[in-house]
Structures are given as structure tokens and as C-alpha cells.
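One structure below.
The values are calculated or read from the model by the stated rules, or taken from the named source; none is laboratory data. Remember, predicted model here, so these are calculated numbers, not experimental data. Don't worry about glycine lacking a Cβ; one is built from the backbone with ideal geometry, like all the others, and counts go over all protein chains shown. Areas reflect the complete protein model, heavy atoms only, side chains present, ligands, DNA and RNA absent. Shrake-Rupley method; radii C 1.70, N 1.55, O 1.52, S 1.80 Å.
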Amino acid sequence: MVDDIDPDDPDEDGFAAYERLVSQGSELSRVLLTYQAGIDEVMTKLTILRREYAHSFDYNPIEHLTARLKSPASIIAKARRRQVEPTVEGVREAITDIAGVRVVTSFKSDVYRVRDVLCSQDDLTVLKVKDYVAQPKPNGYRSLHVILEVPVFLTDRIARVPVEVQFRTIAMDFWAALEHKIYYKFDRTVPDELLDGLYSTAVTSAKLDDDMELLHRRIRGGEPRPVE
Ligand code: GTP
Ligand code: MG
């Protein structure tokens, strides 16, 4: 998620066009305010579910929750990389991970369990799903990505904000966090001989998830059960 902008880039005009998005300031910062509110709404929903699981069920499938708002510098860098039209509207259309929430679950089945419970809430709309758990990326990355549209109630209107929610197990999160470190260490081009090694650690971590899931089913039936 760390993107660099080179202020000495020869493409001064292109840079200036994107930079204006921020220096004009108010419009982008107003939009970012709504994205932060979108994060807050989704985090509140997940926190409510997590408390209910902890209070009323025999186990809590949500291990932890994190959220981040993409910085203006990262938004601009991504807009330039993808040659997005340098307007607030262009950015809103093309960059759907300005608001990001991550849900780390205990077991693999919990990835889908928590997704189902959250996404069935009727004030949310699912815009897009990428299931890299069922179909991992070629490097071995696994996670379930859902882009939700969340209503945010402002003084004079309702803004509909996209929020990218990533659902993954502790094992998937462990792999993704360390792979990310290695990836940036090599400036986004990991040497081939390391790619094989990384992929095999992803397979090992997927096997751990599957073994844990089997144990979990044998011991607890695999479902959080309400406690009286
Ligand atoms: P981005 O431009 O990276 O946002 O990719 P995208 O728009 O094609 O979306 P995708 O759903 O593939 O990835 C979105 C996010 O998932 C990324 O910003 C990362 O947080 C995470 N992600 C995707 N692929 C990988 C990966 O190979 N390794 C790690 N560590 N994270 C990944
Ligand atoms: Mg992203």
C-alpha cells in the first residue's frame, strides 16, 4: 500500500494534473471524509457482530479487524499508474480501494460465514467479489475481496461510498503480510527463484488452514453455536 511519487518526474504536466486534485484540496478532502465515514460504518457493523459472537456464541470467528484510508499521495500515484482521468470523479470511478477494511477470521469457513452475515445486511450493496480463496492468485495469494457500497448520511444528501473488505484467515494474513514485505523489498519484482519458494509457503499455509478446519469440525462441528 506504500506508493512513491517522484517529484522530479519528467512528466511534470501529468504530475501537476493529478497533484491539482489535492492542492485544489477541498473537493478531494470532502470525498475522503465520506470514505472515512464508509470505513466507520463497516467497522461499526463488524464490531457489533464480533461482540455478539463473543457474547452469545461458543466461539468468535472474528480474530481481528483493521482499516485504512488510502493517503492522497497513494491515490495520486495509483491514478497516474492506471492513467485514470485526473478528476475527483475519475478517481471515484476507477479506484475502489480508497476505503479498506480487513477482517481476519479463525477458520477458512469463517471467511464465508462472516462475509455472508455482513453482506446480507440490507443497507449494503455488493458491487464486486473476487474470491482468491477458491481461486488463489498465481503467486499463491489467498483472500476474499468484496467491494461494498455503503450509504453515508451527510447534512444534505446520502453519499454512496465503495469500501473494499478483505476477508482472510490468520494463516492467509500471515502469508500476505510477509509476502508484501518481500515484494516491496525487491521493489515489486521478486526474482523467479524466490517466487517458487513463496508459492510453496502459500501451499503450506493453505494446508494448515484445511487441517485446522478438519480438527475444528471434529471438535466443535465447525459452527459457532449459541450459548444459553
Ligand atoms: P490493487 O491495485 O493492488 O488494489 O489490485 P486490484 O485492483 O487488481 O485488486 P485486487 O483485488 O487484486 O487486490 C487488492 C488488494 O489485495 C491489494 O491492494 C492488496 O491489499 C491485496 N493483494 C492483492 N494481491 C496481493 C498479493 O499478491 N500479495 C499481497 N500481500 N496482497 C495482495
Ligand atoms: Mg489496493
For this session: Write down the accessible area per residue of segment 82-168 in Å², having rolled a 1.4 Å probe over the full set of protein chains.
Result: 47
Exercise. Taking a spot 7 Å from the Cα of Asp192 along the direction of its beta carbon, which residues of segment 102-145 have an amide N less than 18 Å from it?
Worked result: 138-140
Seminar exercise, completed: Note, segment 192-200: 3J(HN,Hα) by Karplus (6.51, -1.76, 1.60, θ = phi - 60°), whole Hz, Gly/Pro = x, goes 3, 5, 7, 4, 4, x, 4, 4, 5
Seminar exercise, completed: Here the alpha-carbon Rg of segment 88-183 over 2.2 N^0.38 Å rounds to 1.19
For this session: Can you pull a Stokes-Einstein diffusion coefficient for the chain at 37 °C (0.692 mPa s), Rh from Kirkwood over Cα pairs, as a whole number of µm²/s?
Result: 169
Problem set entry | Accessible carbon and sulfur surface of the chain relative to its total accessible area, %, 1.4 Å | 54
For this session: With label points built 7 Å along Cα→Cβ from the Cα atoms of Glu223 and Ala177, find their separation and express it in nm.
Result: 3.2
Seminar exercise, completed: Any residue on another chain or 5+ positions along whose placed amide H is under 5 Å from the amide H of Leu127 is listed here as Ile147, Leu148, Glu149
Exercise. Looking at segment 33-147 from every direction and averaging, what is the projected area of its Cα convex hull in nm²?
Worked result: 8.3
Exercise. What is the antiparallel percent of DSSP beta bridges lying wholly in segment 84-228, to the nearest 5?
Worked result: 75
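Ranked from the most accessible area to the least, with a 1.4 Å probe and all protein chains present, what is the order of Leu118, Leu208?
So the residues, ranked largest to smallest area, are Leu208, Leu118.
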Seminar exercise, completed: Using eta = 1.002 mPa s and T = 20 °C, Stokes-Einstein with Kirkwood Rh from Cα pairs puts D for segment 180-228, in µm² s⁻¹, at 159
For this session: Amide H neighbours of Val161 under 5 Å, at least 5 residues apart or on other chains, H built in the peptide plane: list them.
Result: Val150, Val152
Problem set entry | Histogram of C-alpha separations across segment 119-158, 5 Å bin width, % | 6, 21, 17, 16, 15, 9, 7, 5, 3, 1
For this session: Would you please name the chymotrypsin sites (Phe, Trp or Tyr not before Pro) within segment 119-188 that are DSSP coil residues with at most 12 other C-beta atoms within 10 Å of their C-beta?
Result: Phe186
Problem set entry | Rel. contact order, % - alpha carbon contacts under 8 angstrom, at least six apart, the chain | 21
For this session: Under 22 Å between C-alpha atoms is the cut-off here; go through the chain and count lysine pairs that meet it, provided they're at least eight residues apart or on different chains.
Result: 23
Seminar exercise, completed: Rounded to one decimal in nm, the spacing of the 7 Å Cα→Cβ label points at Asp210 and Thr44 is 4.2
For this session: Could you provide, to the nearest whole Å², the per residue accessible area of segment 171-228 with probe 1.4 Å?
Result: 73
Exercise. Stretch Thr125-Leu65 to full length: gain in nm at 0.36 nm per residue minus the Cα-Cα span?
Worked result: 19.6 nm
